[in-house]
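Below is one structure, written out as structure tokens; the observations come after it.
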Amino acid sequence: MLAKIIALVTGCVTFLGGFLVVWGAVQLGRSFGNRGGGGEGMEAGIATIAGGAIIIAAAVYFGQLDTSWMPA
């Protein structure tokens with residue numbers, strides 16, 4: 001049962017991180033469309049992409065935690 005819960009949480013958090021990466025890419029693309037005047041938009045887009053990547057890495061690490069010590 002614990003393995004199923006961990007798999008569910010890992011999948012949900014990975015989806016959230018992927019969503020943030022895509023949203024950051026959209027922000028970055030929109031800032032490029034502002035004729036070069038979107039420095040703050042570029043910064044926000046890059047920060048969102050980096051945050052999403054960190055969340056995905058944390059989810060992968062969480063999914064690899066050893067729970068074999070738990071009683072069945």
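Where in the chain are there chymotrypsin sites (Phe, Trp or Tyr not before Pro) that are in a DSSP coil and have at most 15 other Cβ atoms within 10 angstrom of their Cβ?
For chymotrypsin sites (Phe, Trp or Tyr not before Pro) across the chain that sit outside H, G, I, E and B with at most 15 neighbouring Cβ atoms in 10 Å, the list reads Trp69.
Pop out the carbon and sulfur fraction of the accessible area of the chain as a percent, whole number, probe 1.4 Å.
Accessible surface attributable to carbon and sulfur in the chain totals 72 percent.
By how many nm would the segment from Val9 to Ala57 grow when fully extended, if each residue of separation counts as 0.36 nm and the alpha-carbon distance is taken off?
Taking Val9 through Ala57 to full extension adds about 15.9 nm, to one decimal.
Based on the alpha-carbon gyration tensor of the chain, what equivalent-ellipsoid semi-axes (square roots of 5 times the eigenvalues) come out, in whole Å, largest first?
Output for the chain: semi-axes of 36, 9, 5 Å.
How far is helix 2-32 tilted off the main Cα axis of the chain, in degrees rounded to 10, range 0 to 90?
Helix 2-32 sits at roughly 10 degrees to that axis.
Spin-label point model (7 Å from Cα, Cβ direction): what's the Leu16 to Arg30 distance in nm?
2.2 nm
Can you give me the angle between helix 39-63 and the longest principal axis of the chain, using Cα atoms only, in degrees from 0 to 90, rounded to the nearest 10?
Helix 39-63 and the main axis of the chain meet at about 10 degrees.
The values are calculated or read from the model by the stated rules, or taken from the named source; none is laboratory data. Here the structure is a predicted model, which is why all the values come from computation and not from measurement. We place every Cβ from the backbone using ideal geometry, glycine too, and count neighbours over all the protein chains shown. For the accessible areas, the whole protein counts, side chains as well, though only heavy atoms, and no ligand, DNA or RNA atoms are used. Shrake-Rupley method; radii C 1.70, N 1.55, O 1.52, S 1.80 Å.
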